Amino acid sequence: MPDPIDITILTRRKFVAAGAAAAAFLPHLARAEDAGANALAPSQKFKDDFARIADSVTPIEGKVTVDLPETAENGNFVPVTIAVESPMTDADYVRAIHILSTENPHAHVATFYLSPANAVARVQTRMRLAKTQNVVVLAEQSNGEMLISTTLVKVTIGGCGI
């Protein structure tokens with residue numbers, strides 16, 4: 001069954017802001033590539049999803065811990081645990097955690113919505129990775145800030161087709 005079509009109307013302001021947010025991400029990706037990856041270019045699907053999620057906010061590094069294997073023997077089953085430092089009070093909490101992959105056929109892997117009732121900002125799941133790539137985690141704060149973490153995962157056997 002084909003994927004449903006998502007029609008989103010972008011204003012000129014949102015389009016420009018999304019481009020600025022995507023441009024702000026590129027230095028984070030470059031640092032991950034400098035850490036030993038080959039020249040990994042993010043897909044257009046990743047850029048579109050990143051811009052849609054980040055909207056006009058420039059993500060900042062810090063407070064996000066991502067536990068991913070450095071090498072995934074099988075891309076069909078890659079465990080990931082994400083924790084965000086947050087008091088999780090009514091005044092200050094993590095609203096959502098988004099997982100994106102830079103080179104999967106579908107870049108938006110998952111979104112977890114949280115509230116102060118969660119007490120801790122920690123999620124755990126499994127994901128598929130098509131090939132060696134960066135996994136980007138965005139943590140949306142209740143105050144409007146966006147936190148980011150980028151992790152390179154080397155995949156031996158790809159887990160999703162095109």
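Anything in the stretch 95-110 that is open to solvent by less than 40 Å² (accessible area, probe 1.4 Å) and under 25 Å from K154 (Cβ atoms)? List them, or say none.
Within the stretch 95-110, I97, H98, I99, L100, S101, T102, E103, N104, P105, A107, A110 meet the criteria.
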(request) Take the stretch 130-140 and flag every residue that is at pLDDT below 95 and among the hydrophobic types (A, V, I, L, M, F, W, C). (result) A130
(request) Consider only pairs whose beta carbons are under 7 Å apart and that are at least six residues apart or on different chains; among these, list those whose first residue lies in the stretch 71-86 and is open to solvent by less than 10 Å² (accessible area, probe 1.4 Å) and whose second residue is among the hydroxyl-bearing types (S, T, Y) and modelled with pLDDT under 95. (result) A72/T156
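Among the candidates Q141, Q124, which residue alone is exposed (fewer than 15 other Cβ atoms within 10 Å of the Cβ) and within 16 Å of A83 (Cβ to Cβ)?
Q124
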(request) Name the single residue, out of those in the stretch 41-69 being touching a Leu at 6+ places or on another chain (Cβ under 8 Å) and part of a loop (DSSP other than H, G, I, E, B), that is farthest from G144 (Cα to Cα). (result) P42
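The values are calculated or read from the model by the stated rules, or taken from the named source; none is laboratory data. Just so it is clear, the model here is predicted, and its values are computed rather than measured. Neighbour counts run over all protein chains shown; Cβ positions are idealised from the backbone, glycine included. Only protein heavy atoms, including side chains, enter the accessible area calculation; ligands, DNA and RNA are left aside. Shrake-Rupley method; radii C 1.70, N 1.55, O 1.52, S 1.80 Å.
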